[in-house]
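Colleague: Here it is, the structure in full.
The values are calculated or read from the model by the stated rules, or taken from the named source; none is laboratory data. Only a predicted model underlies this, so the values are computations on that prediction, with no experimental measurement involved. Cβ coordinates were reconstructed from backbone atoms using ideal geometry, including for glycine residues, and neighbour counts include every protein chain displayed.
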Amino acid sequence: MEQTFVMVKPDGVARGIVGQILTRFEARGLKIVAAQLLVLDEARVNAQYQEHEGKPFYPYLKAYIMSGPCFLMVLEGKGAVKVVRCMVGQTDPQTAASGTIRGDFALDLGRNVIHASDSLESAAREIRIHFAASDLFSYIRTDEAVLYET
C-alpha cells in the first residue's frame with residue numbers, strides 16, 4: 001500500500017470544508033493513518049515548498065500558508081498518490097474538472113484549497129517534514145476485504 005501526504009490549506013480550513021474533503025477520501029477507500037491541525041511555521045513551509053523558493057509567487061504562497069491553520073494528513077491505499085491527485089484535480093481551479101476537490105470547492109489559483117503529493121518520492125519527503133514515524137497508525141478498515149482483489 002502507498003502512503004501520500006495531503007494538506008487542506010488555510011482557505012479550506014477557514015471555509016469549514018475539511019469534513020467534506022475527508023469524507024471523499026474515506027468514501028473512495030483511502031485510509032487516514034495520520035492527521036493534525038496546526039499553523040505551519042516558516043521552517044516547515046520552506047521545507048514543504050522548497051522547489052518554489054526564488055519564484056516570484058513564493059513570498060505570497062508562504063504568507064498564505066502561514067496565515068491560518070492547515071489540516072495535514074497521511075492517506076494510505078493502493079495507488080494512493082495517483083488516486084488522490086486525480087481526486088484533487090488540476091492546480092488551477094478554473095481548469096479543474098467538476099467532481100474534483102478543486103473543481104468543486106475552489107475558484108482561484110492562489111486559494112486552491114488543497115495540496116497533494118505528486119509522486120511517491122514527494123510523498124515520502126513531505127510526510128517526513130510533518131510527521132514522525134510514531135505519528136503514523138496501522139489498522140485495518142472494516143471494508144478492506146471488499147476494496148481490493150486478493
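Colleague: Please go through region 95-150 and pick out each residue that is part of a loop (DSSP other than H, G, I, E, B) and within 13 Å of the chain's Cα centre (by Cα).
Modeller: If the condition is that a residue be part of a loop (DSSP other than H, G, I, E, B) and within 13 Å of the chain's Cα centre (by Cα), then ASN112, VAL113, SER117, ASP118, SER119 are the ones that fit.
Colleague: On to the next question. Does any residue in region 2-31 that is under 18 Å from ARG44 (Cα atoms) come within less than 8 Å, Cβ to Cβ, of a residue that is at pLDDT below 95 and part of a loop (DSSP other than H, G, I, E, B) six or more places away or on a different chain, and which pairs are these?
Modeller: Taking only residues 6 or more apart or on different chains, not a single pair turns up.
Colleague: If you don't mind, another one. Pairs, please: C-beta under 6 Å, at least 6 apart or cross-chain, first residue free of Cβ contacts under 8 Å to residues at least 24 places away in the same chain and in region 37-48, second among the β-branched types (Val, Ile, Thr)?
Modeller: VAL45/ILE65
Colleague: In addition: Do we find a residue being farther than 21 Å from GLU2 by Cα, modelled with pLDDT of 95 or more and of a type in the set (A, V, I, L, M) anywhere in region 68-79?
Modeller: Taking region 68-79 as the starting set, the residues that turn out to be farther than 21 Å from GLU2 by Cα are 68-70.
Pick out the ones that are also modelled with pLDDT of 95 or more and you get 68-70.
Right, trim to of a type in the set (A, V, I, L, M) and you get none.
No, region 68-79 contains no residue that is farther than 21 Å from GLU2 by Cα, modelled with pLDDT of 95 or more and of a type in the set (A, V, I, L, M).
Colleague: I've got another one for you. Evaluate region 83-95: report whether one residue or more is surrounded by fewer than 11 Cβ atoms within 10 Å (Cβ to Cβ), of a type outside the set (Asp, Glu) and farther than 22 Å from ARG28 by Cβ.
Modeller: no
Colleague: So, one more: Working carefully through the options MET73, MET87, find the one that is in a strand (DSSP E or B) and under 28 Å from ASP143 (Cα atoms).
Modeller: MET73
Colleague: Hey, another quick one. Identify, please: which residue in region 97-128 is basic (Lys, Arg) and touching a helix residue (DSSP H, G or I) at 6+ places or on another chain (Cβ under 7 Å) and is, among those, surrounded by the fewest Cβ atoms within 10 Å (Cβ to Cβ)?
Modeller: It comes out as ARG111.
Colleague: Those residues that are over 15 Å from TYR49 (Cβ atoms) and surrounded by 12 or more Cβ atoms within 10 Å (Cβ to Cβ), I need them from region 129-139; list them, please.
Modeller: The answer is PHE131, ASP135, LEU136, PHE137.
Colleague: Is there any pair linking a residue in region 50-71 that is free of Cβ contacts under 8 Å to residues at least 12 places away in the same chain and surrounded by 10 or more Cβ atoms within 10 Å (Cβ to Cβ) to one that is outside any helix (DSSP H, G or I) and not small (Gly, Ala, Ser), with Cβ under 8 Å and at least six apart or on different chains, and which?
Modeller: TYR58/TYR49
Colleague: While we're here: Here is a check on your reading of the model: is VAL45 in a helix (DSSP H, G or I), more than 12 Å from the chain's Cα centre (by Cα) and over 15 Å from ASP11 (Cβ atoms)?
Modeller: Yes: the conditions hold for VAL45.
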